[in-house]
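Enquirer: Following this message is one structure expressed as structure tokens.
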């Protein structure tokens with residue numbers, strides 16, 4: 001019985017040793033990707049590392065290319081071969097590795113695919129997929145310079161830039177980033193990236209686009225300018241500029257105040273010489289860009305036959321679209337007199353769409369009057 005156990009043990013040990021005494025070559029990835037190349041051009045060498053964690057020497061031979069575009073790729077060179085000739089046989093010692101490199105030479109536009117295969121003695125065949133594109137990748141911004149015009153200090157403005165795939169090969173986008181070293185920059189910290197749809201995406205030629213939004217929020221007057229790099233697999237460097245003129249905010253100006261109207265001796269008595277009756281018209285901007293502001297005007301007129309008391313104009317709008325607008329004071333008006341009241345509408349940066357603004361004028365002794373109108377944000 002003891003002899004049978006020992007025989008079984010040694011047989012298992014021998015078989016296990018034989019199983020491990022063989023090459024075990026693997027490549028660091030399943031696919032080698034090539035940057036787009038125009039037809040007739042030759043790419044730089046692309047490749048990777050073959051490793052052999054096995055316990056015997058691996059002999060790589062019979063390198064070959066198959067697949068629909070095999071003739072548009074070169075045979076590889078091997079650092080573990082006696083020479084650097086393409087297609088040469090190489091060996092990898094146990095625990096060792098071997099660098100390989102090959103090229104793509106497209107002869108037409110379009111997607112290029114092939115399969116690189118090696119025969120390895122004692123292991124079999126190993127396959128590596130090749131993937132590339134014949135054509136030119138180009139990422140083009142919608143404008144070379146986006147001018148935001150005058151922006152008040154303490155306020156902000158938003159620039160939206162569209163990046164398009166305008167070449168003949170897909171664009172691999174890695175994002176849009178400020179070029180901090182560019183000499184044309186002015187007050188780099190006045191700008192910030194709000195949204196970047198162009199980060200880590202692929203865009204097909206002539207079809208796909210992405211958008212990036214840059215905010216200018218100046219803290220001091222003067223010209224503000226930033227250069228932004230479009231990071232992609234395009235051969236050519238692509239960039240654009242965003243600029244704006246920061247201006248000091250105008251100090252608030254109170255409207256002139258007319259002398260107050262003496263109230264009647266008895267509150268139940270009517271106002272002398274008839275009654276005041278206020279009318280209201282509003283002038284609104286048709287469109288405001290997200291994150292920007294615009295001035296609206298309320299025109300108040302006393303259509304009654306008595307002097308009105310001083311009052312105010314209040315502005316109502318959805319809180320999701322507009323920042324709060326403080327009430328604006330309206331002076332007392334004589335019959336037939338008109339007052340113009342200006343107020344600033346500040347749209348929230350993330351709002352898109354259409355909303356209504358309502359202005360209400362209130363005055364003691366006169367009924368409230370309201371008017372409303374639409375504003376589009378885009």
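Enquirer: When only residues in region 335-358 that are outside any strand (DSSP E or B) and within 30 Å of residue 213 (Cβ to Cβ) count, which is modelled with the lowest pLDDT?
Expert: So the residue we want is 350.
Enquirer: Name every residue in region 28-54 that is modelled with pLDDT of 90 or more and over 23 Å from residue 70 (Cα atoms), in order of residue number.
Expert: Passing the criteria: 51, 52, 53.
Enquirer: Okay, next question. Among the residues of region 119-151, what is the count of those that are free of Cβ contacts under 8 Å to residues at least 60 places away in the same chain and in a strand (DSSP E or B)?
Expert: Of the residues in region 119-151, 4 are free of Cβ contacts under 8 Å to residues at least 60 places away in the same chain and in a strand (DSSP E or B).
Enquirer: Can you tell me how many residues within region 70-102 are more than 14 Å from residue 128 (Cα to Cα) and assigned to a loop (DSSP other than H, G, I, E, B)?
Expert: Counting residues in region 70-102 that are more than 14 Å from residue 128 (Cα to Cα) and assigned to a loop (DSSP other than H, G, I, E, B) gives 14.
Enquirer: Here is a follow-up. Which of the residues belonging to region 152-179 are part of a loop (DSSP other than H, G, I, E, B) and in contact with a strand residue (DSSP E or B) (Cβ under 9 Å, 6 or more places away or on another chain)?
Expert: Answer for region 152-179, where residues must be part of a loop (DSSP other than H, G, I, E, B) and in contact with a strand residue (DSSP E or B) (Cβ under 9 Å, 6 or more places away or on another chain): 153, 155, 156, 166, 167, 168, 169, 170, 179.
Enquirer: From the set of residues in region 316-328 that are assigned to a strand (DSSP E or B) and under 34 Å from the mean Cα position of the chain (by Cα), which is farthest from residue 367 (Cα to Cα)? Let's see the steps before the verdict.
Expert: The first filter runs over region 316-328 and keeps only residues assigned to a strand (DSSP E or B), leaving 316, 322, 328.
Subsequent filtering for residues that are under 34 Å from the mean Cα position of the chain (by Cα) retains 316, 322.
Values: 316: 18, 322: 27 Å.
Of everything passing the filter in region 316-328, 322 is farthest from residue 367 (Cα to Cα).
The values are calculated or read from the model by the stated rules, or taken from the named source; none is laboratory data. Everything numeric in this text was worked out from a predicted model, so none of it was measured. Glycine gets a Cβ as well: all are built from the backbone with ideal geometry, and neighbour counts include every protein chain shown.
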